[in-house]
1. Under 19 Å from a label point 7 Å along Cα→Cβ of Ser57: give me every residue in the stretch 24-49 with its amide N that close.
2. Whose amide H sits under 5 Å from the amide H of Leu52, counting only residues 5 or more places off or on another chain, with H placed in the peptide plane?
3. Could you give the C-alpha radius of gyration of the stretch 21-75 expressed as a fraction of 2.2 N^0.38 Å, taking N as the number of residues it contains?
Amino acid sequence: MMMRITIAFCATGLALTGATAAPVTAELAKTCNALVEKKYPPVQPGNPAAGLRNGSSADARAAFRKCVDNNGKVDDAQPAK
């Protein structure tokens, strides 16, 4: 009885983990980093503590994450109103 419960919990745990995300390649990370640095330039180059000219660090992280999710293709065009 205890063995069946343990197996059931293990099977449930494996089913809930689902598919994992593919690792980010170095090339993709470099591309996205360059795009983010272009969109959110630092106040003082070489000094990350100085902050960003446009937006916040959270904005830059979100842009990087979006770039990685889209495989380096970022559409900055605003939709027509």
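1. Of the residues in the stretch 24-49, 33-34, 36-49 have backbone N under 19 Å from the label point off Ser57.
2. When sequence neighbours closer than 5 places are left aside, the close amide H contacts are Val43.
3. Dividing the Cα Rg of the stretch 21-75 by 2.2 N^0.38 Å gives 1.14.
No lab work stands behind these numbers, since they all come straight from the coordinates. Being a predicted model, the structure only gives us computed values, none of them experimental. Positions of Cβ are generated from backbone atoms using ideal geometry, with glycine treated the same way; all protein chains shown enter the neighbour counts.
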